[in-house]
């Protein structure tokens, strides 16, 4: 697996960059955010994610390691492939997307081309506790930096949301509970508070 490719930019457009590395030109699919960082430079280091299928071998390049990490998280969600993840990261920065996920703002995610309501909900539920570090600085003090304080609270939050409870009410209820409780205890006590 390739970790990164560093070299001279042979050509670049909004969707693809060719990096000349040791006389070999590597074609990398990129996001608009990565292209924006590269368009006025002669050399680049791109963090790489490779996708191997029966009919294609594709390299995706990212200017920031955090963007590649977010890409990997997104393609881990059912219904999101590499192309869709690239569109998502072209539509929003890692920070913006992370904040939308952490805040449970599925409507903001649904505005991205090709993302429906169910997929947007799935992204917010499955990734809420995994993207807190990317949203950290951008989450305002008034927004609960989700109930990912402990793994148990994160699991309890996901279970309660899947049961149909609204995320703000779940976060408020879980925020009032002790971090040392088990997942089952957290769920029971949170349901009593809602």
Output the number of residues of segment 43-56 satisfying the condition of being in contact with a strand residue (DSSP E or B) (Cβ under 6 Å, 6 or more places away or on another chain) and without any contact (Cβ under 8 Å) to a residue 40 or more places away in the chain. 4
With respect to residue 130, is the statement that it is closer than 24 Å to residue 13 by Cα and at pLDDT below 90 true? no
Quickly run through segment 8-40 and pick out the residues that are part of a loop (DSSP other than H, G, I, E, B) and either exposed (fewer than 12 other Cβ atoms within 10 Å of the Cβ) or touching a residue at least 60 places away in the same chain (Cβ under 8 Å) (or both). 13, 22, 23, 40
The correct count of residues that are on the phi < 0 side of the Ramachandran plot and buried (at least 20 other Cβ atoms within 10 Å of the Cβ) in segment 94-110 is 10
Going through segment 57-82 in order, the residues found to be in a helix (DSSP H, G or I) and either within 19 Å of residue 2 (Cα to Cα) or in contact (Cβ under 8 Å) with a residue 60 or more places away in the chain (or both) are 65, 66, 67, 68, 69, 70, 71, 72, 73, 75, 82
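The values are calculated or read from the model by the stated rules, or taken from the named source; none is laboratory data. Everything numeric in this text was worked out from a predicted model, so none of it was measured. In this analysis, Cβ positions are derived from the backbone assuming ideal geometry, glycine residues included, and neighbour counts consider all displayed protein chains.
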